[in-house]
1. List every residue pair whose Cβ atoms lie under 8 Å apart, where the two residues are 6 or more positions apart in sequence or sit on different chains, the first residue falls within region 79-101 and is of a type in the set (Asp, Glu), and the second residue, located anywhere, is outside any helix (DSSP H, G or I).
2. Is it true that Val51 is over 17 Å from Asn90 (Cβ atoms) and either among the polar types (S, T, N, Q) or modelled with pLDDT under 95 (or both)?
3. Looking only at helices (runs of 4 or more DSSP H) that lie completely in the chain, which have at least 2 residues being surrounded by 15 or more Cβ atoms within 10 Å (Cβ to Cβ) and aromatic (Phe, Trp, Tyr)?
Amino acid sequence: TMYKQYCAACHGAKGKGDGPAAPNLNVRLPDLTTLSKRHGGKFPLDYVVSVLRFGPGFTAHGSSEMPVWGPIFEYLENQNEAAVRQRIKNLCDYLESIQEK
C-alpha cells in the first residue's frame with residue numbers, strides 16, 4: 001500500500017521505473033527490482049534506507065527529483081521516530097520482496 005501511495009507514480013506498479021509520471025522527469029528512473037543484482041546479489045538495505053530517509057543526493061547538474069521521504073514521514077507521524085522507521089522498514093521489506101531472482 002505504501003509503495004503504491006508514495007512510489008508507484010514514478011517507479012511504476014512493478015518497480016520497473018515506468019510509472020505514469022516517469023516520462024515527465026529529467027532522469028531515467030532505476031529498475032527497483034534489480035537493486036540486489038546491482039549490489040552483488042545482496043539487497044542493499046542500508047543504501048535503500050538512506051535514500052528513503054535522506055534522498056538520493058545531488059547530481060552535478062542540479063538537485064535530485066526524488067522526494068526526501070524522511071521529513072515527509074516525520075511530519076505525517078508528528079515526529080514519532082519509531083513510526084518513521086517503521087514506514088521506511090515497510091518500504092524496504094516490499095522492495096526486497098520484488099527483487100529479481
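The values are calculated or read from the model by the stated rules, or taken from the named source; none is laboratory data. Since we're looking at a predicted model, the values are computed, not measured. When we count neighbours, we look across all protein chains shown, and the Cβ atoms used for this are built from the backbone with ideal geometry, even at glycine.
1. Cβ pairs passing all conditions: Glu96/Phe43.
2. Working: over 17 Å from Asn90 (Cβ atoms): no; either among the polar types (S, T, N, Q) or modelled with pLDDT under 95 (or both): yes.
For Val51, the condition - over 17 Å from Asn90 (Cβ atoms) and either among the polar types (S, T, N, Q) or modelled with pLDDT under 95 (or both) - is not met.
3. Working: elements: 2-6, 8-11, 35-38, 45-54, 69-76, 81-97.
Qualifying helices (runs of 4 or more DSSP H): 2-6, 69-76.
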